[in-house]
Amino acid sequence: MLTLFPLFPAVVVKLGAKGAAVVSPSPKNAARPIIRHIPPLKPCLVENSNGAGDSMVGAILAQLHRRQTLLTPDSRLNLAPSDIDAVVGRAQRAAVLSIESVRAVNDQLCADTLDKD
């Protein structure tokens, strides 16, 4: 059986309009992963769904790059569940920005727009 957890401390699964799921290993029983649902953010106006997933993945990677403190010296992620949820929440904002744009990636998509509450 192939397991991703030695390589990836968490796996994010896009659920489209239903939000996202974060799957991570249980500290008590590695055979029973912990699955957390991140509720969706609703766009004000749906213009175009092209690029939403790319925007989400790009936002996750950008956040990990900007926050080098989230990485251990051997480049492993050092994230608490609340950190992962915050990263995914910001990434969903990126996806929503793209959905609300006629373009595949919204011109306003940048770190400052993702950090706004």
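The values are calculated or read from the model by the stated rules, or taken from the named source; none is laboratory data. Keep in mind it's a predicted model, so treat the numbers as computed, not measured. Cβ sites come from the backbone with ideal geometry, for glycine too, and all protein chains shown count toward neighbours. We work out accessible area using only protein heavy atoms, side chains counted, and drop any ligands, DNA or RNA first. Shrake-Rupley method; radii C 1.70, N 1.55, O 1.52, S 1.80 Å.
Listed values, structure above:
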{"item": "Some residue of the range 20-32 being open to solvent by 60 Å² or more (accessible area, probe 1.4 Å) and touching a Gly at 6+ places or on another chain (Cβ under 8 Å)", "result": "no"}
{"item": "Scan of the range 6-45 for residues that are among the charged types (D, E, K, R), in contact (Cβ under 8 Å) with a residue 40 or more places away in the chain and in a loop (DSSP other than H, G, I, E, B), ordered by number", "result": "LYS42"}
{"item": "Count of the range 1-16 residues which are surrounded by fewer than 14 Cβ atoms within 10 Å (Cβ to Cβ) and either aromatic (Phe, Trp, Tyr) or at pLDDT below 85 (or both)", "result": "6"}
{"item": "Conditions (1) open to solvent by 30 Å² or more (accessible area, probe 1.4 Å); (2) at pLDDT 85 or above; (3) not aromatic (Phe, Trp, Tyr); number of the one not met by ASN78", "result": "(2)"}
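Residues checked against (1) among the basic types (Lys, Arg); (2) not in a loop (DSSP other than H, G, I, E, B):
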site: VAL88; (1), (2): no, yes
site: ALA94; (1), (2): no, yes
site: LEU97; (1), (2): no, yes
site: ARG103; (1), (2): yes, no
site: LEU109; (1), (2): no, no
site: LEU114; (1), (2): no, yes
